[in-house]
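One structure is given below, encoded as structure tokens.
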Amino acid sequence: VFVDIDIETFNLDPDLIEKAISPKTKAIMPVHLFGQIADMEKICEIAARHDLKVVEDAAQAIGSSCDDRPAGGLGDMGCFSFFPTKNLGAAGDAGMIVTNDSKLAEMARLLRVHGGQFEYHHKLVGYNSRLDTMQAAILLAKLPHLKAWTEGRRKNATRYDSELSGLPLVTPVIGDNNYHIYNQYTITTDRRDGLLKYLGDRQIGCKVYYPVPFHLQECFADLGYRKGQLPQCEKASQTVLSLPIFGDMTDDEQSEVINAIKQFFA
């Protein structure tokens, strides 16, 4: 069951959650999109009222926080991705689940190794989801640098905010007391497609996250969603554009992006 977003932060709109809850509902799964935590205070309050679990998709949000409480540590479980493009990336596919619930932790451990408690004895049907040792070693080597890389992203975001103000676009909106780690720096503009082509022609990397909303994906066609049912999500898919913002980006590299955007709108 999909719920529309807050068009300013791109995160789950908590005011729309309760009308989507049914007797079949087991959990609420907020996505901390682009590196900013969703409104977890409201989401957790709703979950508590309806006796639901909260599973955080923190794949893009490692190191982000709200009121000094970290992404992944606000719900019942938090799920992180270490895909190479993430702020903390391995050399290949990798991920992590965190929880303070011992029963959920046991279930996750079972599921990651074919449902086996010990060799050749399977309590339930699970998956092959073990983190490769080499990927873990790479992540451990990179982890001490994460804070500096995050601050580099935040510094670049501050400069973008300043340099792009006054242009016909909207820079990221930060929720109250949120520490944004900018997995992406995502702007919105009604001239998105033109700007995307303009930057691409100048070999400036940028990308649309995401061009097709989940409720309109072919794989979910059987759910019966139609265009227009999640209007804010659909609007965002037509207007968002993510700009380069990696932690080691130089001033000259960022100036090239900024100047190109200004030239486009001029």
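Observations, loosely collected:
- Selection from Ser65, Phe264, Gly228 lying farthest towards where the dipole of the chain points positive, charges on Cβ: Gly228
- Calculated from backbone phi, Karplus (6.51, -1.76, 1.60) coupling profile of region 131-141 in Hz, x at Gly/Pro: 6, 4, 4, 5, 5, 4, 5, 5, 5, 5, 6
- Two-site FRET efficiency, Leu111 against Ala266, from Cβ-Cβ distance with R₀ of 45 Å, rounded to 0.05: 0.25
- With every protein chain in place, region 139-266: carbon and sulfur % of accessible area (1.4 Å): 52 percent
- Pairs beyond 26 Å (Cα-Cα), from Lys86/Lys207; Lys155/Lys235; Lys197/Lys235; Lys53/Lys142; Lys24/Lys227: Lys155/Lys235; Lys53/Lys142
- Residue with peak Gaussian network fluctuation, the chain [Cα springs, cutoff 10 Å], from Arg109, Arg192, Arg153: Arg109
- When nucleic acids and ligands are ignored and a 1.4 Å probe is applied, Asp190 ends up with an accessible area of around 140 Å².
- Base-10 log of normalised Debye intensity for the chain (one unit scatterer per alpha-carbon) at q = 0.17 Å⁻¹: -1.47
- CD proxy at 222 nm, helix term only [per DSSP H run n ≥ 4: -39500 (n - 2.57); per residue of the chain; nearest 500]: -9500 deg cm²/dmol
- Three-way shape call for region 78-177 based on the alpha-carbon gyration tensor, with the a/c threshold at 1.5: prolate
- Solvent-accessible area of Lys197, all protein chains in place: 130 Å² (probe radius 1.4 Å, heavy atoms, ligands and nucleic acids excluded).
- Taking only the C-alpha atoms of region 117-168, the Rg (one decimal) and the largest Cα-Cα distance, Dmax (whole number), read 21.3, 64 Å.
- Accessible solvent surface per residue of the chain, calculated while the other protein chains remain in place, 1.4 angstrom probe, Å²: 58 Å²
- Accessible-area ranking of Ile37, Ile174, largest first, probe 1.4 Å: Ile174, Ile37
- Amide H contacts under 5 Å for Ile28, placed H, 5+ residues apart: Lys53, Val54, Val55
- For Thr85, solvent-accessible area (1.4 Å; no DNA, RNA or ligand), Å²: 90 Å²
- By the equivalent-ellipsoid construction on the alpha carbon gyration tensor, region 1-141 comes out with semi-axes of 27, 21, 12 Å, ordered largest to smallest.
- Figure note: His145, His122 ranked by solvent-accessible area, largest first, 1.4 Å probe, ligands and nucleic acids not counted: His122, His145.
- Most to least accessible of Leu110, Leu167 (protein chains only, probe 1.4 Å): Leu167, Leu110
- Simple spin-label estimate for Ala137 and Ser22 in nanometres, 7 Å along Cα-Cβ: 4.9 nm
- Gaussian network model of the chain, Cα within-10 Å springs - most flexible of Tyr198, Tyr182, Tyr120: Tyr120
- Computed about its Cα centre, the charge dipole of region 1-85 is approximately 400 debye, with only Lys, Arg, Asp and Glu carrying charge at their Cβ.
- Prolate/oblate/rounded call for region 187-234, Cα gyration tensor, a/c under 1.5 rounded: prolate
- Oblate is the label for region 103-261, because a/c, from the alpha-carbon gyration tensor with a ≥ b ≥ c as root eigenvalues, is 1.5 or above and a/b does not exceed b/c.
The values are calculated or read from the model by the stated rules, or taken from the named source; none is laboratory data. In this text, all values refer to a predicted model and were calculated from it rather than measured experimentally. FYI the Cβ positions are ideal-geometry reconstructions off the backbone, even for glycines, and counts take in every protein chain you see. These accessible areas exclude ligands, DNA and RNA; they are computed on the full protein's heavy atoms, side chains included. Shrake-Rupley method; radii C 1.70, N 1.55, O 1.52, S 1.80 Å.
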